[in-house]
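See below for the structure under consideration.
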Amino acid sequence: MKRVLVLGGHLDDSVIAVGGIIRKLVNSGVEVSVVCFGNGDEAFTERGGRARAIERFKAEAVAAHKILGVEDFQCLDLPDFAVQENRATYRQCIEAIRRVKPDMILAHYWAEYFQHHAMARLACDAWWQAQWDCSADLGKPWTARALYHFEVIHDLPEPTHIVDVSDTFEAKIEAWKQFGAAQDQLDKMTDQLEARARHHGSRIGTKYAEVLKQSCFVPEAVQDPRDLA
């Protein structure tokens, strides 16, 4: 594995969901790219604060991902509530896949609120269509070998993989703490992240872990059924 693409709905989703996995991948020499759609324009608590909220949240996201070792971080600058399924966002997903050429994609799961649900749909469909010989303005066709869903708000049902992040969890928390604006509203998130990671870790006998669910949206071709073992 050389390259991984994380498709996030919002600026902090990738850190919350798979911050430990990202740092672990980077530590092993994998190049991780993060593309998020929403620009944090709803993260303001006083009238007239929208522009400042965007500026602050985006700067925090850049700093957070630097801690995780992500050099290729991109925000597509959509308003948060505009993270929805449409022609423009679908094309942006395809373009991101073709630009990064990932071996693996990490993306949202369906069972969350409408923006994260939309990102799950967009990621799966774009994973499939990015390999087609079409939409030439978005880059050359590319097929990622696998896509895995992650959890942000709700627990991921029946994960297929539980990843030990005991050695990188501290970096994840350090990255999360860069989001000072979000912590004004989500002051208990640090405790929640630790509790969830401890729970997942307990399932595999480690201190901290994060979960993934492999997608079968694009079936894997098998020539020899013995490879299924």
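Overview of values
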item	result
Volume in Å³ per residue [convex hull over Cα atoms, computed for the chain]	125 Å³
For region 1-55 and region 86-148, distance of Cα centres in Å	16 Å
Whole-Hz couplings from phi, Karplus 6.51/-1.76/1.60, listed for region 212-225; x for Gly and Pro	9, 10, 5, 8, 10, 4, 10, x, 8, 6, 10, 8, 10, x
Per-pair calculated FRET efficiency, R0 = 30 Å: Tyr113 and Glu158 via Cβ, rounded to 0.05	0.90
Sequence-separation-based contact order of the chain, relative, with Cα cut under 8 Å and 6+ spacing, percent	24 percent
Theoretical FRET efficiency, 1/(1+(r/R0)^6), r = Cβ-Cβ of Glu42 and Glu170, R0 30 Å, to 0.05	0.55
Value of [θ]222 nm, deg cm²/dmol, for the chain, DSSP H segments ≥ 4, -39500 (n - 2.57) each, nearest 500	-12500 deg cm²/dmol
Net charge of neighbours whose Cβ lies under 11 Å from the Cβ of Arg98, counting Lys and Arg as +1 and Asp and Glu as -1	+2
Environment charge at Ala126 (Cβ cut-off 11 Å; Lys +1, Arg +1, Asp -1, Glu -1)	0
Efficiency of FRET between Lys66 and Leu228 - r from beta-carbon atoms, R0 45 angstrom, step 0.05	0.65
15 Å beta-carbon shell around Leu156, net charge (K/R +1, D/E -1)	-3
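Values in this text are rule-based calculations from the coordinates and carry no lab data. Keep in mind it's a predicted model, so treat the numbers as computed, not measured. Using ideal geometry, Cβ is built from the backbone for each residue, glycine included, and neighbour counts are taken over all protein chains shown.
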